[in-house]
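> Okay, handing you the structure first.
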Amino acid sequence: MRKPKYPQGMTYTAWRRTPFRRRHRLIGIFINDHLRYWRSCADARCRRARSCQDHQCHWRRRRDLPFEEQMRLREAIEPLANLLWIGSRQGSEGYPAY
């Protein structure tokens, strides 16, 4: 079975029609699941569901890493973070969130 290209198995059209704030949250959860943060999460809900329930988990973990490790991680998730800008129409979305 192929890995989904968009979070929650969405199609390209469905992804483009998703509001930016919801996309931001879905990308955060998608990155957490891709990196399997739920395995060592302090929240028992995440471990039971085998999926992160909090989209900000990635930033909390990255904040504590040394700079070199942060940059390596940023390069690893760059293709996933680029999904956020597909179909963007708002001017304020030009700032990198991940």
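The values are calculated or read from the model by the stated rules, or taken from the named source; none is laboratory data. Computed from a predicted structure; not experimentally measured. With ideal geometry, Cβ positions are generated from the backbone for all residues, glycine too; neighbour counts draw on all protein chains shown.
> Tell me, which helices (runs of 4 or more DSSP H) lie completely within region 1-73 with 2 or more residues that are among the aromatic types (Phe, Trp, Tyr), closer than 16 Å to Trp85 by Cβ and over 13 Å from the mean Cα position of the chain (by Cα)? Spell out the reasoning first.
On the way: elements: 12-17, 20-34, 44-49, 57-63.
Correct list: 12-17.
> Being assigned to a helix (DSSP H, G or I) and under 11 Å from the mean Cα position of the chain (by Cα): is that true of Leu84 here? Before the answer, list the steps.
Details: assigned to a helix (DSSP H, G or I): yes; under 11 Å from the mean Cα position of the chain (by Cα): yes.
Here the answer is yes, as Leu84 does meet what is asked.
> Give the number of residues within region 63-87 that are closer than 30 Å to Thr11 by Cβ and either in contact (Cβ under 8 Å) with a residue 60 or more places away in the chain or not small (Gly, Ala, Ser) (or both).
Quick first cut of region 63-87, residues closer than 30 Å to Thr11 by Cβ only: 73-87.
Imposing the further condition that a residue be either in contact (Cβ under 8 Å) with a residue 60 or more places away in the chain or not small (Gly, Ala, Ser) (or both) reduces the set to 73-75, 77-80, 82-87.
Residues flagged as closer than 30 Å to Thr11 by Cβ and either in contact (Cβ under 8 Å) with a residue 60 or more places away in the chain or not small (Gly, Ala, Ser) (or both) within region 63-87 amount to 13.
> Any residue at all in region 68-77 that is in contact with a helix residue (DSSP H, G or I) (Cβ under 8 Å, 6 or more places away or on another chain), crowded, with 16+ Cβ neighbours inside 10 Å and not small (Gly, Ala, Ser)?
yes
> When you scan region 17-46, how many residues do you find that are farther than 21 Å from Leu73 by Cβ, modelled with pLDDT of 85 or more and surrounded by 12 or more Cβ atoms within 10 Å (Cβ to Cβ)?
Number satisfying all stated conditions: 1.
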